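Worksheet: one structure, shown below.
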Amino acid sequence: MRRLIFIFPGFLMLGSCSLFDKKLSLTCDSQYEIIQEKISTPQADFFKIELYNSKQTEGDTVRMYFEELSDFLVGLAFYRYGPWKAWTKPIRIDSFPQLPANDVQCFLWKSAQNTYGAIVPLCGNGFRTTIGQQSGKIVLESAMGVKRSFEKFPAAVVGYGKNPYTLLEAVYENAMKIMGRPENLRKKKLFPQPFEYIGYCTWNAMYDQMSEEKIIQAIDFFCKNDFPIGNLLIDDGWLDMQPERKLYSFRPEKSRFPNGFQNMIFRLKKEKGLRNVGVWHTLNAYWKGLHPKGELYAQYPVFTYLDQETWLLEKEGIDTFHIADPRTDKGFKFFEDWYKYLSSQGVSFVKVDNQLITERIAKGQVPIFELAEKLHRSFHQAANQYFNDAVINCMDMTNDAYYNFGNSAVARTVEDFFPYKEDETYDLQHGNAAAHVTSAVYNALWFGQMVYTDFDMFQSHHPHAEYHAIARALSGGPIYVTDVPGQQNFDILRKLVIYDGRILRSDAPLVPTEDCLFQVQGSGLLKTFSYSGNAALLAIFHATDAENQQTEWKIRDIPRFQEKEFENQEFVFFDFKAQKLQKVIQTYAQKIELPRMGVALYWIFPKSKSIIPLGLLNKYNGVAAVQNIRYQNNACSFDIKDGGIIGIYADTNPMRVKVDEQVVEHSYENGLVKISLPSGRLYQVTVE
């Protein structure tokens, strides 16, 4: 690894890069100096950009301008859009004036030489940086929200590489290292145990009109249909708040939960078989903070602020809000006391919403990132203590939030799911299933570097429920539904889980293939991939506002299968919809056409052996049901997590198939071995 450091007053020349002979220039106001450190690795080259203020003068906002970006071909901006500014959406960029003015959280581009670049803005020393453009130039805008003297802060990492996936992985790894947050990478985090089970969320089924009775009835309907719902998430509507939407106490609202939570949760677990119950709240306790006449306001020191967002003022008028002051030890004590109480009631995880709020709380009073660090530390420490980091972070796609996730492993990666409407559109901000899945898989490119991506709840009775379900089955994140009781589509739900409610989860986020990276909602089909063990999962979505669309998918669409070790390798792939198996070579390509809102799903396996366990053919991600594969002599043994239709590839018809050492009947056609076993437990299968 080589490191070169250059310091230029008010000017930065990003010198020759060992991978690419290019130069970039960056300028800023003359009173500042830009520090650039070059880091070269086998995967990519990086430039760490810091701003230095030698006179330590007061400042609030600093802008740094890229004078040029040589050989730019096409880009992808992840823009945090309004009015809430909670989520990002992908925007294809063909020229820099198309970039939003600010609030781009990550920018990926391709050069004319078929190489890639990425800019990731950083936070530190109170400053929060985003990407934008002014007069057609890319700009890094670093803001503190209040004037303070400062010496320096990290502004961005710029990286270059030949592989966009390894580039993004390496850029974020370097970004976390620079900011002193090396733990904030998905690959270093454990997936929380409660989220291994399928969940039910009250929101779109009940909105804020929930009650103990309604919740028990909803869970009871799953039980009566022998569906193993594992988790319950009690969303907005349970809290002790008044019409002003300000929190009074930690307790649930008495008219809706007259017996509190403890008895209800005990009953749900004992009588209905629920494993975990979680509750929702916002980062600032409730949407408008603490009520000044409530018991919590009197118990904890408060931080007072005016929410000065123009769109909110026009809607609701001027108001004063209060939160437990995170700058004091009592800030942590607030969440510690709350989570201790919830834990005593049987709650085992939380969903923490409205994580965009810090910039509005801090405005004009405290540096944005300084307050964000303290506020997030307060609730994450308490969540670690009482819930073992079982948190769903939400409304969180702003870097003052996600750079403070720490060990917290799961975060919403896309705008809310919206129930079906006849007049729904393809608007990425409030659209249909295609718009939702499109935003989710593109956002996963960068957000999935830090967390297990949560594609949000969905409804199994939605007209495009399978579209939603396949995306979630391959997302690598939690799966939970918000069905109206009595309307569930159990055929779809059962394809997501095994007998005890555990989801069949992929090993990596679901992201677009390289040839679709800059497509977004353009013509053609959207190809996406994930991994499960040695297999690749390829989902192809019709995601554009048009009738039938075509594309060609290839084995080499999967980055792992482009590597040299797979040259001249044979593969087998299973077409989930057609339930057919085919043996092919690495250069195989197939044309496909899908109707509006259509989806196709393929499982792809390198053919390294004569026998390959495929998985449960009646599950969307049935590959994930296979574990502990062993080969000995001419036999293959493996464990399968549940019964169902079990598929195995074999070069020739096996002499016998045994389950738990007992010979069972099997079928064989075109390389596909099938056996059927009753659902309800793990089995050991041997193919000879």
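Quick notes
- Phi-based couplings in Hz for the range 525-531 (Karplus 6.51, -1.76, 1.60; Gly and Pro marked x): 9, 8, 9, 9, 9, 8, 10
- Per-residue HN-Hα couplings for the range 607-619 [Karplus 6.51, -1.76, 1.60; θ = phi - 60°; Hz; x = Gly/Pro]: 8, 8, 9, 7, 10, 9, x, 9, x, 7, 6, 9, 10
- Anchor residue 38: aspartates and glutamates whose Cα lies under 19 Å away (excluding residues fewer than 8 positions away in-chain): 21, 50, 67, 68, 169, 173
- Residues of type aspartates and glutamates that residue 351 reaches as a straight line, Cα spacing below 13 Å, ignoring anything fewer than 8 places off in the same chain: 235, 236, 389, 396, 454, 456
- DSSP bridge orientation in the chain - percent antiparallel, rounded to nearest 5: 85 percent
- Amide H within-cut-off set for residue 302, under 5 Å, with H built and near neighbours excluded: 325
- Prolate/oblate/rounded call for the range 49-168, Cα gyration tensor, a/c under 1.5 rounded: prolate
- Rounded Å value of the spacing that divides the Cα centres of the range 277-318 and the range 602-638: 52 Å
- Summarising the amide proton neighbourhood of residue 570: residues at separation of 5 or more, or on other chains, whose placed amide H is nearer than 5 Å comprise 607.
- 1.4 Å probe accessible area per residue over the chain, in Å²: 38 Å²
- In this structure, the amide hydrogen of residue 106, modeled 1.01 Å from its nitrogen in the peptide plane, lies closer than 5 angstrom to those of 78, counting only residues at least 5 positions away or on a different chain.
- In the range 419-483, the chymotrypsin sites (Phe, Trp or Tyr not before Pro) that fall in loop regions by DSSP, at most 16 other Cβ within 10 Å: 420, 426
- Cα centroid of the range 653-671 to Cα centroid of the range 182-239, whole Å: 39 Å
- Between the range 521-546 and the range 393-412, the C-alpha centres lie 26 angstrom from each other.
- Scalar couplings 3J(HN,Hα) for the range 394-409, obtained by applying the Karplus form with A = 6.51, B = -1.76, C = 1.60 to θ = phi - 60°, are 8, 6, 10, 8, 10, 5, 6, 8, 6, 6, 10, 5, x, 7, 5, 9 Hz; x denotes Gly and Pro.
The values are calculated or read from the model by the stated rules, or taken from the named source; none is laboratory data. Computed from a predicted structure; not experimentally measured. Here Cβ is always computed from backbone atoms with ideal geometry, including for glycine, and neighbour counts include all displayed protein chains. Accessible surface is based on the protein model in full, side chains and every heavy atom, while ligands, DNA and RNA are left aside. Shrake-Rupley method; radii C 1.70, N 1.55, O 1.52, S 1.80 Å.
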